[in-house]
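Below you'll find the structure, written out as structure tokens, and then a few comments.
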Amino acid sequence: QEVLEVEVKAERPRPRWYERHVQPCVAELLGTALFIFVGCLSVLEEPVGTGRLQPALAHGLALGVTVAVLGDI
């Protein structure tokens, strides 16, 4: 008798409703809130001589932190 070897590939489970719709929206909300909050705080008290550098660095740092924390969502 011949035995046929058949490979059965398991189907990946469908992402849940929460993972498809709610999680990306919450990540977007948190990222935008952090970005705006840090940006506004960076220009709240402007010491002499910082000019445009301080807000630019603050926004860059906020964006980097947001991507690092929420990037895999």
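The values are calculated or read from the model by the stated rules, or taken from the named source; none is laboratory data. As the structure is a prediction and not an experimental result, all values here were calculated from the model. FYI the Cβ positions are ideal-geometry reconstructions off the backbone, even for glycines, and counts take in every protein chain you see.
List of remarks:
- Among residues of the range 10-30 that are more than 14 Å from Val67 (Cα to Cα), those with a Cβ under 7 angstrom from a residue that is surrounded by 11 or more Cβ atoms within 10 Å (Cβ to Cβ) and hydrophobic (A, V, I, L, M, F, W, C), sequence gap 6+ or separate chain, pair up as Gln23/Ile73.
- For the range 18-53, the set of residues classified as among the polar types (S, T, N, Q) and at pLDDT 80 or above consists of Gln23, Thr32, listed by residue number.
- Matching residues, the range 22-32, being surrounded by 11 or more Cβ atoms within 10 Å (Cβ to Cβ) and not hydroxyl-bearing (Ser, Thr, Tyr): Val22, Gln23, Pro24, Val26, Ala27, Glu28, Leu30, Gly31
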